[in-house]
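Participant: Let me begin by handing over the structure; questions about it come next.
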Amino acid sequence: MADQKDNINEKKKVLDLLDDSKPKKPSRRERQRDEASKVKTLDDKKAEALDIFDEGGKKKTSGITKGTGNAKLPSISKLNEPKVDVELVKAEEVSDESPASAPVTEVAAVDGEKIIHLKPPIVVSELADAMDLKPFQLMADLIKLQVFVAPHQAIEPEVAEKLCDQHGFKFEREKREKGAGVHKVEEVFVEPEPEEDVPEDQLKLRAPIITFMGHVDHGKTSLLDYVRKSRVAAGEAGGITQHIGAYGVKDDLGRPITLLDTPGHAIFSKMRARGADITDIVVLVVAADDGIMPQTKEAIDHAKAAKKTIIVAVNKCDLPGADPTRVRTQLMEHGLTPVDFGGDVECVDVSAKNGTGMEDLLELLALQAEVLELNANPKANARASVIEARIQAGKGPTATVIVESGTLKPGMPFICGPFSGKIKSMLDDNGKPLQAAGPATPVEVLGFAELPNVGDQVVEMESERASKKLSAERQGEKRNERLGGAQKSRLSDFMSLAKGDAQKARLQLILKTDVQGSVGAITGAIAEIESDKVEARFIHAAAGSITESDILLASSANAVVIGFNTKVESKAVQAAKREGVEIKLYSIVYELIDTVRDTMLGLLEPETRETIIGHAEVKQVFKVNKGKAGGCIVKDGKVTRVAHARVLRGGTPVFDGKMSTLRRFHDEVKEVKQGIECGIKLGAFNDYEEGDIIQCYNLEKVAQTL
């Protein structure tokens, strides 16, 4: 029985294998293939995540297989998002996946002109399609422009513009917007110009800006200290001389006065040298016991050159040896006539030690300011001049400025020379922050990108972007100037000073000698050099060593510094190298005068004179290896190998140049005299004819006389 059951089971297995109606159990390899085919792509997962709900608002059954271990439910935020069309999402993805660098080409006709709008990169084949040409045609044009590329390579926009011009198209790199012009307008940022015609109702009175100048040890600093200490003690104003070099005071009537602390007058010279002289009144301090000294004379020259009002403060009147009358007499010798002697220069006797005359000086300054009618528009575009700049720890580049017009405020973008910036904060004379600074107010400004130069102007800009753009342009121009090499005054090169034939050339000089007597002797000798074509002019002449102030004055006036039996200070040597000013030192007065005379002659171009030395007539034309030559006979004078020659045909010149060949038979000769035959070839001239006259002449340069 057992054997029969086993046979029946074996028969069933065979029948089951033969029966196709029953499903077969897949093998292990088939199951692995099925699982691999069921792995979903990233796009399928995105579609399931975006289309969780169907149109009826019912949740769709998730297609994620349970128990696989890799299934993740969508985030809760996805459930709250509005329905997104999968087709639209796929379309956007396709557009995003397109290369960003694919050029967009469009051909438009504006006013009968075919314009191609193209975005880079500009491929040769695509540009050819836009112009309805074959790529090889553009490639032929590119070869002529020395550009060798394949059809699938890109070219520069400038080259594409040339190709479009050759084929009658107008090239536009950027596609214009709707309603805009065809040509793209580039933004140009410029510094705002100062207001010229300001309505009178907008002008407000401002405090005068006063600079104290004078010789060393004449009491200038003592006067400033007296004013500062007395006013600070009274609580009327605070001096900030130690911080920013300027401070404000008020007189008894409460009128404000801004004083600029300029030790020596060096800073005043720097301000003049950089074109930023903001001083209204110059107070010339002269000691009553010393009188006019060398630096006092230089201060007078600076004040006159700046065309500023001068008020003389005769200091140290309390000393036993004081003689104010002698000081007034010396002032007249230098072109300053006091009011006491019938002139227009105010003189005040003061004493910094006991304060005598200080109230009169302040009152005189205020009255003089009223006479000058110093007004400014506080609502204008803000402008301020830098009088001092330094880098402070924790603050960075800072600058002391005096406002000329407008009002400075924190957060204001500005341009200062080649550097941009934005005002971070402003400090007053007591070191306290300010929210606004009107005209003639000295303040310390923080917010410079780089350390500014003394004398530069802080100008308000419309935006920080505009200031940075203008700063980049100016720094680029300055970099190009440095690469080109700045050249200042040179005794050997003053032709640039000659403005024209009708105007005299001018030689600017600054003279420093050992003693005062030498100044008069040298200036008198140079003044005796008379000329209708060129003149020598002394910007400054005094006794003493050559200082930094002399170099700065020479740089601003484009002058040469001449020293006679004197020395050059170390600071002056450094300034001369920095400013590019030449210094000439002499110990013999005649050598100095001869050098100045030769320099004046050097300003005049030499005259060119033509001297005819002979004529030759062409009798026959010969062919030579390099063109043609004329067989000639010398009619008069002589013909030389190094001379200039011109061909005359019927009295009309047809060629003028140098002689290249002069031969007798087969020999090269230097000259041929009258009545002798020779062969002549002039440069590259080959159009000789029988009967032509070859005229030989020499050119001589003759120096002009004064």
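The values are calculated or read from the model by the stated rules, or taken from the named source; none is laboratory data. This is a predicted model, so every value here is computed, not measured. All Cβ positions, even for glycine, are placed from backbone atoms using ideal geometry, and neighbour counts span all protein chains on display. What goes into the accessible areas is simple: the full protein's heavy atoms, side chains included, and nothing from ligands, DNA or RNA. Shrake-Rupley method; radii C 1.70, N 1.55, O 1.52, S 1.80 Å.
Participant: Mind listing just one residue for me: the one in the stretch 499-530 that is under 17 Å from K567 (Cβ atoms) and either modelled with pLDDT under 75 or part of a loop (DSSP other than H, G, I, E, B) (or both) and, of those, least open to solvent (accessible area, probe 1.4 Å)?
Facilitator: Result: S518.
Participant: Next question, about the same structure. Output the number of the condition that V642 fails; it satisfies all remaining conditions of (1) of a type outside the set (D, E); (2) over 19 Å from F685 (Cα atoms); (3) assigned to a loop (DSSP other than H, G, I, E, B).
Facilitator: Every condition holds for V642 apart from (2).
Participant: Scan the stretch 531-551 residue by residue and report those that are in a strand (DSSP E or B), over 11 Å from A505 (Cα atoms) and among the aliphatic types (A, V, I, L, M).
Facilitator: Within the stretch 531-551, I539, A541, A542, A543, I546 qualify.
Participant: Kindly indicate which of Y590, Y586 is out of contact with any helix residue (DSSP H, G or I) (no Cβ under 8 Å at 6 or more places or on another chain) and at negative phi.
Facilitator: Y590
Participant: While we're looking at this one, here's another question. L336 versus (1) farther than 18 Å from V227 by Cα; (2) open to solvent by less than 40 Å² (accessible area, probe 1.4 Å); (3) in a strand (DSSP E or B): which is the lone unmet condition?
Facilitator: If we test L336 against (1) farther than 18 Å from V227 by Cα; (2) open to solvent by less than 40 Å² (accessible area, probe 1.4 Å); (3) in a strand (DSSP E or B), just (3) comes out false.
Participant: If you check every pair at least six apart or on different chains, which have Cβ atoms under 6 Å apart with a residue in the stretch 676-705 that is touching a residue at least 60 places away in the same chain (Cβ under 8 Å) first and a residue that is among the polar types (S, T, N, Q) and open to solvent by less than 20 Å² (accessible area, probe 1.4 Å) second?
Facilitator: Nothing qualifies.
Participant: Conditions first: (1) in a strand (DSSP E or B); (2) surrounded by fewer than 16 Cβ atoms within 10 Å (Cβ to Cβ). A616 passes all but one, so which condition is the exception?
Facilitator: Condition (2) is where A616 drops out.
Participant: Being under 53 Å from the mean Cα position of the chain (by Cα) and either β-branched (V, I, T) or open to solvent by 50 Å² or more (accessible area, probe 1.4 Å) (or both) is the filter here; which residues of the stretch 619-643 pass it?
Facilitator: K626, R641, V642
Participant: Read through the list (1) part of a strand (DSSP E or B); (2) in contact (Cβ under 8 Å) with a residue 24 or more places away in the chain, then give the number of the only condition that M426 fails.
Facilitator: It is condition (2) that M426 fails.
Participant: Out of all the residues in the stretch 340-357, which are more than 46 Å from the chain's Cα centre (by Cα) and open to solvent by 60 Å² or more (accessible area, probe 1.4 Å)?
Facilitator: D340, F341, G342, D349, K353, N354, T356
Participant: Taking the conditions exactly as written (at pLDDT below 75, more than 41 Å from the chain's Cα centre (by Cα), outside any helix (DSSP H, G or I) and closer than 18 Å to G355 by Cα), does D217 satisfy them or not?
Facilitator: No.
Participant: Checking the conditions here, which among K577, K623, K628 is among the basic types (K, R) and touching a residue at least 12 places away in the same chain (Cβ under 8 Å)?
Facilitator: Residue meeting the stated conditions: K628.
Participant: Are any residues in the stretch 574-594 within 22 Å of the chain's Cα centre (by Cα) and open to solvent by 30 Å² or more (accessible area, probe 1.4 Å), and if so, which ones?
Facilitator: Hits for the stretch 574-594 are K577, R578, E579.
Participant: In the list A313, A303, which residue meets the criterion of being under 22 Å from G357 (Cα atoms), modelled with pLDDT of 75 or more and aliphatic (A, V, I, L, M)?
Facilitator: A313
Participant: Quick check on my filter: what residues within the stretch 112-145 are open to solvent by 20 Å² or more (accessible area, probe 1.4 Å) and either among the β-branched types (V, I, T) or part of a loop (DSSP other than H, G, I, E, B) (or both)?
Facilitator: G112, K119, P120, P121, V123, D132, L133, K134, I143, L145 - these are the residues of the stretch 112-145 that are open to solvent by 20 Å² or more (accessible area, probe 1.4 Å) and either among the β-branched types (V, I, T) or part of a loop (DSSP other than H, G, I, E, B) (or both).
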